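Report on one structure; see the data block that follows.
The values are calculated or read from the model by the stated rules, or taken from the named source; none is laboratory data. These figures come from a predicted structure and were not determined experimentally. Positions of Cβ are backbone-derived with ideal geometry, glycine not excepted, and every protein chain shown enters the neighbour counts.
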Amino acid sequence: MTSCSICRKLVEWRIFGQNELQNEPIGNLITRWIRMLHFGQSFGLAYKIFVSVLGLIITLLSVTGIYIWWKKHRARQRIEQLHSLLKESTA
């Protein structure tokens, strides 16, 4: 048994059931599995909750990263303004 046929059997039995898609090419099986995974049909409600929480975490990290960058950016601008004022006052 080749590794491709082992992979095919795992995909057929675990995801689609034993008798479904017996003569389907492996590319179609993988595409179908990816589609089911993308739309949250593969692992039930627990998977949907996990993906939702993960999406919220990624969004939160992105927003807080931009906020931290903006604060540092504004602080640098203020420091540059102070330096330019000090140079003008001493000159």
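Going by the structure shown, is I34 touching a helix residue (DSSP H, G or I) at 6+ places or on another chain (Cβ under 7 Å) and at pLDDT below 90? Spell out how you get there, then give the answer.
Working: touching a helix residue (DSSP H, G or I) at 6+ places or on another chain (Cβ under 7 Å): no; at pLDDT below 90: yes.
Judged against the criteria, I34 is not a match.
Please indicate, with yes or no, whether at least one residue in region 50-65 is surrounded by 13 or more Cβ atoms within 10 Å (Cβ to Cβ) and either part of a helix (DSSP H, G or I) or in contact with a Leu (Cβ under 6 Å, 6 or more places away or on another chain) (or both). Outline the logic, then answer.
Here is the first cut: in region 50-65, the ones surrounded by 13 or more Cβ atoms within 10 Å (Cβ to Cβ) are 51.
Cutting the leftovers down to either part of a helix (DSSP H, G or I) or in contact with a Leu (Cβ under 6 Å, 6 or more places away or on another chain) (or both) gives us 51.
Within region 50-65, one or more residues are surrounded by 13 or more Cβ atoms within 10 Å (Cβ to Cβ) and either part of a helix (DSSP H, G or I) or in contact with a Leu (Cβ under 6 Å, 6 or more places away or on another chain) (or both).
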(request) Within region 71-91, work out how many residues are surrounded by fewer than 10 Cβ atoms within 10 Å (Cβ to Cβ) and either in contact with a Cys (Cβ under 6 Å, 6 or more places away or on another chain) or among the β-branched types (V, I, T) (or both). (result) 1
